[in-house]
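Participant: The structure that follows is given in the form of structure tokens.
Read-outs throughout are calculated quantities, based only on the coordinates presented, and are distinct from any laboratory measurement. All values derive from a computational prediction rather than experimental measurement. Here Cβ is always computed from backbone atoms with ideal geometry, including for glycine, and neighbour counts include all displayed protein chains.
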Amino acid sequence: MSNVPGDLRFTKSHEWVRTLPDGSVEIGVTDHAQGALGDLVFVEVPEAGRQVRAGDAFAVVESVKAASDVYSPLGGEVLAGNDALAAQPELVNQDPYGQGWIARLKPATTAEVEALLDAAQYSEHLASEG
């Protein structure tokens with residue numbers, strides 16, 4: 001069973017969002033997603049200053065199996081990409097909710113964060129996917 005932390009918000013496309021004390025958010029891929037992808041060999045993170053809309057492909061994760069887009073759960077401005085992933089893409093596999101974060105974003109609105117799935121809803125979504 002996938003790890004689904006109760007303090008995060010989630011998307012049906014398996015991204016997570018953590019609100020930070022300054023109001024910005026951290027975004028990554030879920031434990032379920034990294035497990036389905038397998039061992040990551042490359043991660044392309046977005047550049048700071050980039051404007052994104054909810055649903056935009058804003059990063060790429062590549063495993064030995066396939067390359068997959070990571071979609072921004074929110075609109076806003078990218079504050080930082082996790083540059084450590086260039087040298088250590090396996091951080092996404094080892095610590096998807098910690099050191100494996102992909103980007104930090106200044107959200108355009110907090111309403112978008114609140115509209116995402118909570119942990120219980122995401123767990124139900126995983127169960128419905130089989």
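Participant: Checking E26 against (1) more than 15 Å from E129 (Cβ to Cβ); (2) out of contact with any Lys or Arg (no Cβ under 6 Å at 6 or more places or on another chain); (3) charged (D, E, K, R); (4) in contact (Cβ under 8 Å) with a residue 60 or more places away in the chain, which test does it fail?
Facilitator: Every condition holds for E26 apart from (2).
Participant: So how many residues does region 112-130 have that are within 18 Å of R9 (Cβ to Cβ), part of a loop (DSSP other than H, G, I, E, B) and small (G, A, S)?
Facilitator: Residues flagged as within 18 Å of R9 (Cβ to Cβ), part of a loop (DSSP other than H, G, I, E, B) and small (G, A, S) within region 112-130 amount to 1.
Participant: What number of residues within region 112-130 are of a type in the set (D, E), closer than 15 Å to V4 by Cα and either surrounded by 15 or more Cβ atoms within 10 Å (Cβ to Cβ) or in contact (Cβ under 8 Å) with a residue 24 or more places away in the chain (or both)?
Facilitator: Residues in region 112-130 being of a type in the set (D, E), closer than 15 Å to V4 by Cα and either surrounded by 15 or more Cβ atoms within 10 Å (Cβ to Cβ) or in contact (Cβ under 8 Å) with a residue 24 or more places away in the chain (or both): 1 in total.
Participant: For region 100-130, how many residues are polar (S, T, N, Q) and under 12 Å from the mean Cα position of the chain (by Cα)?
Facilitator: Counting residues in region 100-130 that are polar (S, T, N, Q) and under 12 Å from the mean Cα position of the chain (by Cα) gives 0.
Participant: Which of the numbered conditions does L91 fail, given that it passes all the others? Conditions: (1) in contact (Cβ under 8 Å) with a residue 12 or more places away in the chain; (2) more than 11 Å from the chain's Cα centre (by Cα).
Facilitator: The one condition L91 does not meet is (1).
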